[in-house]
Amino acid sequence: MIPQGYKQTEIGVIPQDWNVHTLEMLYNITSSKRVFQSQWRKSGIPFYRAREIAVMSEGKSAPEDLYIDADLYNQYTRQYGSIKKDDVLITGVGTLGKVYVVKESDKFYFKDGNIIWLQFKDGFSSQYLKHQYDMPVLINQVFGNAGGSTVATYTITNAKSTKVPVPPLDEQKRIAEALSDVDSMISS
């Protein structure tokens, strides 16, 4: 029996005033332009793979041991765009579903295909989404859709169809803040 004030949806029981949207409805979903290993350098603009994004998702600094030339970075960001505050990067190989929310001060490039790039649109909280990737509803979708015989992957196609519980924006922000406070208390 569904409690009063709640409703049954394809992702489970949620409050009556919440909705369910696919990530494709909430973000522009893409990836970066391919950077070949021959283009990696020992200095320049930091270049991150899934393992560095996974480290950053835990609030730690990523080791900066790979770079690309500033000229290549400028060319690619001019042609294909660059990360912006509140964009979301999600690991699609290795440790799946690790989420990093881009900060205003970030300047780096990242590996195509291994990292899914959700370009921020107004009206949805990226911090809320980050915490949703720690919840069973999204975890089950990430791992349930992960294909591959030897190495599981979470693809752009999978991300586009991932269903997210969506409360009103002010409630998203309160939930994200409360969960961030809990994470901080656990860390300390």
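Details
- Accessible area in the full protein assembly, largest first, 1.4 Å probe, for Trp117, Trp18: Trp18, Trp117
- With both residues required to sit in the chain, DSSP beta bridges show an antiparallel share near 90%.
- Selected from Asn158, Asn114, Asn74 as most flexible by GNM, with the chain as the system and alpha-carbon contacts under 10 Å: Asn74
- Accessible heavy-atom area order of Lys42, Lys173, highest first, probe of 1.4 Å: Lys42, Lys173
- Between 0 and 90°, nearest 10: helix 169-187 axis offset from the chain longest Cα axis: 70
- Sequence-separation-based contact order of the chain, relative, with Cα cut under 8 Å and 6+ spacing, percent: 27
- With Cα atoms, 0 to 90° folded angle of helix 70-80 axis to the chain main axis: 40
- Here the ratio of the Cα radius of gyration of the chain to 2.2 N^0.38 Å is 1.08.
- Reachable lysines from Lys163, criterion Cα separation under 18 angstrom, eight or more residues apart if same chain: Lys7, Lys98, Lys121, Lys130
- For the stretch 92-172, taking Cα atoms only, Rg and Dmax work out to 13.3, 42 Å respectively.
- Using C-alpha pairs under 8 Å with a sequence gap of at least 6, the mean separation divided by the residue count of the stretch 63-151 gives a relative contact order of 28 percent.
- When Ile2, Ile14, Ile186 are compared by accessible area at a 1.4 angstrom probe, the order from most to least is Ile186, Ile2, Ile14.
- FRET efficiency, 1/(1 + (r/R0)^6) with R0 45 Å, evaluated for Tyr80 and Gln16 via beta carbons: 0.65
- Computed helical MRE - 222 nm, the chain, DSSP H runs ≥ 4 contributing -39500 (n - 2.57), nearest 500: -9500 deg cm²/dmol
- With kT/(6 pi eta Rh) evaluated at 4 °C and eta = 1.567 mPa s, and Rh the Kirkwood radius from Cα pairs, the stretch 1-88 diffuses with a coefficient of 78 µm²/s according to Stokes-Einstein.
- Those aspartates and glutamates that a straight Cα-Cα span of less than 16 Å connects to Lys85, excepting residues fewer than 8 apart in one chain: Glu104, Asp106, Asp122
- Positive dipole terminus of the chain, leading residue within Ser105, Ile175, Leu72 (C-beta point charges): Leu72
- Between Lys107 and Gln8, residue separation times 0.36 nm minus the direct Cα-Cα distance comes to 31.4 nm.
- Heavy-atom accessible surface of the stretch 64-188: percent carbon and sulfur, 1.4 Å: 50
- What the chain shows is 55 Å² of accessible area per residue, with the surface traced by a 1.4 Å probe over protein heavy atoms.
- Counting only heavy atoms of the protein chains and using a 1.4 Å probe, Lys60 has close to 120 Å² of accessible surface.
The values are calculated or read from the model by the stated rules, or taken from the named source; none is laboratory data. All values derive from a computational prediction rather than experimental measurement. In this analysis, Cβ positions are derived from the backbone assuming ideal geometry, glycine residues included, and neighbour counts consider all displayed protein chains. We work out accessible area using only protein heavy atoms, side chains counted, and drop any ligands, DNA or RNA first. Shrake-Rupley method; radii C 1.70, N 1.55, O 1.52, S 1.80 Å.
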